[in-house]
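The values are calculated or read from the model by the stated rules, or taken from the named source; none is laboratory data. Everything numeric in this text was worked out from a predicted model, so none of it was measured. For neighbour counting, all protein chains shown are included, and Cβ atoms are generated from backbone atoms with ideal geometry for every residue, glycine included.
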Amino acid sequence: MVDFSLSDEERQIRDTVRSFIQKEVMPLEPEVLRNERAGRPGLDLDAITELQLKAKKAGFWGINTPEEYGGMNAGAVMAAIIVMETGRTFVPFSFGGSADNILYAGTDEQKRRYLIPTIEGARRSCFAITEPGAGSDARNITSRAVKDGGDYVINGEKTFITGGNEADFVMVFAVVPDAGVTCFLADRDMGWKSEPIPTMGQWGPAALVFEDVRVPEENVLGEVGKGFELAMTWIRNGRFMIPARAIGSAERLLQMAIDYANIRQSMGHVIADYQAIQWQIADSQVEIEATKWLTLYAAWRAQQGLDARHASSIAKLNGAIMANQVVDRVLQIHGGMGYTKELPIERWYRELRLLRIFEGTDEIQRRTIARNLLKGHVKLGGIGE
């Protein structure tokens, strides 16, 4: 029999994180909305760092960072549960003490210069593979890195890079002639430039430009020509975290709809009395629960060392669609007020729309899922295989 209960330790961690988010993070929501309406960042770096240090005092630092680097090493399932809790607020907060998983593939010197300072919060990174002509088809990147003595000279452009405006170094992927896609660790002072890309939501990606940027050969991450494998490791590692965050957001939004439906009067009744409202609330709950278990299953597979790629694609596709359906219903239940900037619903509406695009569009997830089935990589009817 499958046991779906959390252990006492897991429940304690979840409850502590939930309390921290409610007491320390959610009270900042009005400030975030005011700043964003004025065209400023929701929170500046100092405020985010202060929150992360408060969390560190409570024992939350490096959720999935190995203990040898001062982290919790909580595992994929617990990490997903924690992300569900942070997803309950739109304040741009995440726990500190972590670093991109592919940085652990670095040499001892690279770990000293990049990995450890990133974990400690002294450095900020970004991951750059997407190009104007290569989004989901990452194998078609055209940025080039040409060997010149002891350096590689990189030329090309990257786009929609999360954290690209704030990062002081980048894990950039470029094609080395006669070798293939390679990952380089490039400091900002090596000469690459970034420009903000305005979007309909609060996500602030960047375009990165490399013009004859010289990177020493000791800054190759992994092996020359093996960069695509590193990139896929990075992408697959966090894919089920996207629906995890969507679950927290959707549950918070649904609670807002329930609370409003119980007080909003229309034609002599609270709107919660009307079947049209009840069905929207019921459908939202069903969809959230479905995403929750698909996500936890994908996380469980990753934690057990099983291949989690197919399960993560299913969870990501389901979660992205679910979040957009729920926020649309919640806005509809609130009527005209939901459409205003007096409430954060319209903000969430714009933010959650991104989930159907980044880290693999809905179409790419469907293609992946279908291909796995059609080619026999995945068999129907299995449980836990």
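A few points about this structure:
Residue-wise test of (1) over 27 Å from R347 (Cα atoms); (2) in a helix (DSSP H, G or I).
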| position | (1), (2) |
| --- | --- |
| L6 | yes, no |
| R11 | yes, yes |
| R14 | no, yes |
| F20 | no, yes |
| V25 | no, yes |
| P30 | no, yes |
| N35 | no, yes |
| G42 | no, no |
| T49 | no, yes |
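- Candidate set from the stretch 162-183 (those that are part of a strand (DSSP E or B) and of a type in the set (G, A, S)); member that is surrounded by the most Cβ atoms within 10 Å (Cβ to Cβ): A174
- Residues that are within 14 Å of L230 (Cα to Cα) and outside any helix (DSSP H, G or I), drawn from the stretch 94-125: D100, G106
- Test result for F127, among the aromatic types (F, W, Y), at pLDDT below 95, at positive phi and surrounded by 15 or more Cβ atoms within 10 Å (Cβ to Cβ): no
- The stretch 136-161, residues that are assigned to a loop (DSSP other than H, G, I, E, B) and either in contact with a Phe, Trp or Tyr (Cβ under 6 Å, 6 or more places away or on another chain) or touching a residue at least 40 places away in the same chain (Cβ under 8 Å) (or both): S136, I141, S143, G150
- Only listed residue being at pLDDT 95 or above, part of a helix (DSSP H, G or I) and out of contact with any Asp or Glu (no Cβ under 8 Å at 6 or more places or on another chain), chosen from Q280, Q325: Q280
- Counting residues in the stretch 151-161 that are of a type in the set (F, W, Y), out of contact with any Ser or Thr (no Cβ under 9 Å at 6 or more places or on another chain) and surrounded by 15 or more Cβ atoms within 10 Å (Cβ to Cβ) gives zero.
Conditions tested, residue by residue: (1) small (G, A, S); (2) exposed (fewer than 14 other Cβ atoms within 10 Å of the Cβ); (3) more than 24 Å from R88 (Cβ to Cβ); (4) at pLDDT below 95.
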residue	(1), (2), (3), (4)
A206	yes, no, yes, yes
D212	no, yes, yes, no
N219	no, no, yes, no
G225	yes, no, yes, yes
R236	no, no, yes, yes
R245	no, no, no, no
R252	no, no, no, no
I258	no, no, no, no
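- Given (1) within 22 Å of T361 (Cβ to Cβ); (2) among the aliphatic types (A, V, I, L, M); (3) out of contact with any Cys (no Cβ under 7 Å at 6 or more places or on another chain), index of the condition I161 fails: (3)
- Screening the candidates V91, V146, V83, V77 for the property of being in contact with a Pro (Cβ under 7 Å, 6 or more places away or on another chain) and at pLDDT 90 or above yields one hit, V146.
- Across the stretch 59-73, a minimum of one residue is classified as modelled with pLDDT of 90 or more, of a type in the set (F, W, Y) and surrounded by fewer than 20 Cβ atoms within 10 Å (Cβ to Cβ).
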